[in-house]
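S.K.: This structure is in structure tokens; I'll ask about it shortly.
The values are calculated or read from the model by the stated rules, or taken from the named source; none is laboratory data. Predicted model only: the values in this text are computed from it and were never measured. Here the Cβ positions follow ideal geometry from the backbone for every residue, glycine too, while neighbour counts run over all protein chains shown. For accessibility, only protein heavy atoms count, side chains too; no ligands or nucleic acids. Shrake-Rupley method; radii C 1.70, N 1.55, O 1.52, S 1.80 Å.
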Amino acid sequence: MLDAFKKLISRPAPGPEWREVVEWAKHNKLKYKREAEGEGFVISGGMESKPWRLEWGPPQRQYIDGHELRLRMELGLSHNLQVLLISQALLENLERQAFERFTESTQTVIDGNTPEEMRWLAMFPKVPYKAAREVRSRFGLVSSAQAEAASWVEGALAKQLEESLAGFLKSEPPFVLMLLRGRAYLRMQLPEPEVALMTQAVGLFEVAVLQALRVAGVGAEGSPDWHTTGSTAWQTQLGPEDPPKGR
């Protein structure tokens, strides 16, 4: 009895409830789950039968302060397709950190403890791509497959990025879009889980997914397996609660 009472009074105070997020998930038939520590949440959704996973909480990268938003989706792409689209300010910051790390220490090789984003900036060439001047000046692109990377960004994704610069990316937060291990990833700094900003981020992620499938030849816009209706396709069918945790 005494032990139970001690556990009760030692519990941390409950964190914020994020009522707007809960209502947003409920309205769009998405599965909401609060993290055990109360510092964030997970939302599971999908495009048709393909699940995606959204997480908001403490950052998993040192270059993000406060909290971050993460999205990932298994696409079944070739693991040889490695592409990184990164905000220009973050690209320059990571390049500077990498230079300092290898010139001010005895380290001479890139090891597994280095974030993939930093490793790729050192390993892969920068890829030129066609887009509005503002997009090209605000986002860098590197890849092991230059033609596929440029094709991924050009067109629909470039246009969505241009619109995002007037929306949820207006303040230029640290931001990356990646194709890695057959999956698509989005990661960005997001101090508060504002529904409007998360909705825009999911919309951009959806376009990135469709473009990746088009480039890889896995699916195409308008195909029965990957039907989209602009910003609403992601609202359709729920995926499993805990898809594989690729970072």
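S.K.: Could you list, in sequence order, all residues of the range 107-119 that are touching a strand residue (DSSP E or B) at 6+ places or on another chain (Cβ under 8 Å) and modelled with pLDDT under 85?
M.R.: GLU116
S.K.: For SER151, state whether it is hydroxyl-bearing (Ser, Thr, Tyr) and either modelled with pLDDT under 95 or open to solvent by less than 20 Å² (accessible area, probe 1.4 Å) (or both).
M.R.: When the stated conditions are applied, SER151 does not pass them.
S.K.: Looking at LEU94, is it buried (at least 20 other Cβ atoms within 10 Å of the Cβ) and at pLDDT 95 or above?
M.R.: In short, no.
S.K.: Also: Could you please tell me which pairs satisfy a Cβ distance under 8 Å, a separation of 6+ or placement on different chains, a first residue in the range 69-92 that is in contact (Cβ under 8 Å) with a residue 60 or more places away in the chain and on the phi > 0 side of the Ramachandran plot, and a second residue that is open to solvent by 20 Å² or more (accessible area, probe 1.4 Å) and among the aliphatic types (A, V, I, L, M)?
M.R.: GLY76/VAL218
S.K.: To continue, here is another question. If the requirement is being open to solvent by 20 Å² or more (accessible area, probe 1.4 Å), of a type outside the set (Ser, Thr, Tyr), modelled with pLDDT of 90 or more and in a loop (DSSP other than H, G, I, E, B), which of these qualifies: GLY76, GLY15?
M.R.: GLY76
S.K.: Consider the range 120-137. How many of its residues are surrounded by 15 or more Cβ atoms within 10 Å (Cβ to Cβ), at pLDDT 95 or above and either assigned to a helix (DSSP H, G or I) or of a type in the set (Val, Ile, Thr) (or both)?
M.R.: Count: 3.
S.K.: Of (1) hydroxyl-bearing (Ser, Thr, Tyr); (2) at pLDDT below 95; (3) part of a helix (DSSP H, G or I), THR228 satisfies all except one. Which?
M.R.: Of the numbered conditions (1) hydroxyl-bearing (Ser, Thr, Tyr); (2) at pLDDT below 95; (3) part of a helix (DSSP H, G or I), the odd one out for THR228 is (3).
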